[in-house]
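Below is one structure, written out as structure tokens; the observations come after it.
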RNA sequence: GCCGGAGUGGCGGAAUUGGUAUACGCGCACGACUCAAAAUCGUGUGUCGCAAGACUUAUGGGUUCAAGUCCCAUCUCCGGCACCA
């Protein structure tokens, strides 16, 4: 047998050589080449690389290396999203310095990342905690503040008791718990720093159409934004107030037999002297406010509410006086916080009206069964009778003077965090308490270090004497600092713009460099970011566009969401389950190439399927690479025609599969080729082609084998193999034979054979001819594919 | 409830987009090498059947010369949204 495949020595050796020669650094944009910006989500430096990082980065490296060999100038940067709670929690628990803790994590993770052997553009890295990075995060915030994209507003916010901070809507999971800590979120009324993402709702939805993204991701964003197109209609109350309601069913206005306000609606408290049953109403409001949203929306469908005695509303279509209710099934935060209720054509209104004995009037014909929530033809609607719902919407709105409007599920993005380890919000308050942005010359606005991390519910920065002193020194007596820091999703909303201009100290990212590299050609990442990071950064880009700071309205041309690597038991990896696979251990025993290739072989990348780790499976990949290591023993003087043909096929297949992120089938094609070579031998030229095809998958091993013949070049700068198009058609092919639609066997024929010739061959085939008993009624012949012979069979 | 996606061997998964279902890998069985084991190599491996053969891509229908692939209905799993007017 051949010498031992010493992956450890090989991998160390080439990683060192690559690093010394900086072969993966990306210099100035080279116009002679097409560019490709491949982005992966920058990791949080938790201090240990887990298998998920390998799945996220090492598999993508296959794509990157193939593109490089295909002559593209590829930008494949990596950096660190290094602000965030874990550092602060380490400070609280173990008295460590968050900065030192994070920096040592980064240093260690860098060495782990290097052990992957990826073609990272290390000269174009960035880190969110670098003051030269967060200077620009702060500067963009101040620009947003000046343009009123950032504002301070009072509102209902999500308070996480575990994290001791406010979090954004997107960071609350479906079951009402915190995305980070898992704690149940409380609703609080607070002043908050917000970004006006809702102003971009239409563009965030409409611009999705042009993106080359998987449809499910686009659809999830559309649903999250939740646009519904409808109309705002005014009802006049007997108090003299105008009540605006939002409806998507203006066509049912004639059936609006009551209106409902959210308990918190301002017109309720405003008219308390006119409400005859005020104490009952007040009670109901208090009860409603004590239920948090989770209980309020999960509360079984039983509807509750109170009629406002002494107040009525006028239906603008019928002129009738209708009752006014408050009920907590109407939400203050959605639409106008009030609805026109149409019990005949809305399930919720129907349930409520039935319970409280309110009139039910049908206006959509075609059923006896109410509620009927579908569209149809109008009845009981005066001059609109006989009109179709869709048409009637417009006609009725026009007649009663309503306005077309969209309303959204999306809320503004709350970005203030009552925590320490983040970007300080660059705002100071004057003695009157009015906020002012910090001028550019004072940026970066440094994060103070003289703080006490003990959680008290008060933001840690409030305890910094240095910060107070700094503000008074610069701005004057009586001025006070903002003490909140930013959501880390702010840091990651623009990081990709910094990578390729990471030493620019005049701009966050120059327009020239942006033109060189943007947009991102392909962004690989986790499905969990669909309605968080992916939405935030799209918004950020559009805000920059409006400020003239970029010319791109969308950052990501293509996006691929990947799945998860599960433990060998099929469960999500977790310390408590004891099913965690440590990549360092795998790399030590089997090699980086093996781990990377195994992850790529598990299944198609780019589907959000979750794959269990299989110890046997990775051993199979290791066996494959060991056989490759000894492959030179099979080099012979020339290839057979069959071998040449298989090479052509494999080159086409592997190239296409990599472009489609189907690394699993690309690997399978390489395995088939190896199996063939070991049996039949391979010419030296083809052996090199094999190595080049494998190079993106097993960069260290192939570099080692390449170096045996080419001392001074690297395989990773060699050209990607192209198929030999001059190969003749195969002389004979195997054609499948069906008789009466059933597979009966195969025959060997020329690819150019005629139907008659093929039928004659089948009639002479010892096995097949016995099945051809009867008159041939019809023959379907698809050259190179199949022949189907239909016989007349007597009854 | 609404909107997506998916159901293929013992397992991960293939299938030129309507043309030999189960590629490739794992696992398993047998054999070779070995005192023995591991490793390695070879052979076999959808199900039933001694065989000829029949059946088989969640289930039931349909279209077609031909269906894993297209159409209709049903079931199950995963993800998103959900008292959103």
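In plain terms, the residue of A:523, A:24 with the fewest other Cβ atoms within 10 Å comes first and the most crowded comes last, giving A:24, A:523.
Once the C-beta distance of residue A:209 and residue A:607 is scaled by a Förster radius of 25 Å, the resulting FRET efficiency is 0.65 to the nearest 0.05. By the count of other C-beta atoms within 10 Å, a proxy for reagent exposure, A:212, A:251, A:25, A:412 are ordered fewest to most as A:212, A:25, A:412, A:251.
In this rough spin-label picture, where each label sits 7 Å from Cα along the Cβ direction, the residue A:527-residue A:685 distance is 4.7 nm. Each part gets one Cα centre, and for region A:367-423 versus region A:343-366 those centres are 17 Å apart. Note on residue A:183 and residue A:775: with the Förster distance fixed at 56 Å, the Cβ-Cβ geometry gives a FRET efficiency of about 0.10. Spatially, region A:65-90 and region A:181-224 are offset by 24 Å when compared through their Cα centroids. For region A:668-709, the square roots of the Cα gyration tensor eigenvalues, ordered a ≥ b ≥ c, give a/c of at least 1.5 with a/b no greater than b/c, which places it in the oblate category.
Annotation: for a label point projected 7 angstrom from Cα along Cα→Cβ of residue A:469, residues of region A:426-453 with backbone N closer than 16 Å are A:446-452. Counting only alpha carbon atoms, the long axis of helix A:389-400 and the longest principal axis of chain A meet at about 30°. Panel order for A:743, A:124, A:532, by other beta carbons found within 10 Å of each beta carbon, from fewest to most: A:743, A:532, A:124. If you take the square roots of the eigenvalues of the alpha-carbon gyration tensor of chain A and sort them as a ≥ b ≥ c, do you get rounded (a/c under 1.5), prolate (a/b over b/c) or oblate? Oblate, since a/c reaches 1.5 and b/c is not below a/b.
Per-residue ellipticity at 222 nm, computed for chain A from helices alone with -39500 (n - 2.57) per DSSP H run of at least four residues, works out to -11000 deg cm²/dmol. Modelled label positions at residue A:708 and residue A:635, each set 7 Å beyond Cα in the direction of Cβ, lie 0.7 nm from each other. Multiplying the residue separation of residue A:400 and residue A:276 by 0.36 nm and subtracting their alpha-carbon distance yields 41.6 nm.
With an a/c value of 1.5 or above and a/b not larger than b/c for the gyration tensor axes a ≥ b ≥ c computed over the alpha-carbon atoms, region A:565-678 is described as oblate. Mean separation of Cα pairs under 8 Å and 6 or more residues apart, divided by the residue count, gives region A:190-264 a relative contact order of 19 percent.
The distance from the alpha carbon centre of region A:448-472 to that of region A:557-613 is 42 Å, rounded to a whole number.
Computed from Cα atoms, the angle from the helix A:215-225 axis to the main principal axis of chain A rounds to 10 degrees.
Each Cα pair under 8 Å and six or more residues apart adds its separation to the average, and for region A:664-742 the resulting relative contact order is 21 percent.
Given Cα pairs under 8 Å that are at least 6 residues apart, what percent is the relative contact order of chain A?
Relative contact order for chain A comes out at 14 percent.
Relative to the longest principal axis of the Cα atoms of chain A, helix A:699-709 runs at roughly 30 degrees.
No lab work stands behind these numbers, since they all come straight from the coordinates. Please read all numbers here as calculations on a predicted model, not as lab measurements. For neighbour counting, all protein chains shown are included, and Cβ atoms are generated from backbone atoms with ideal geometry for every residue, glycine included.
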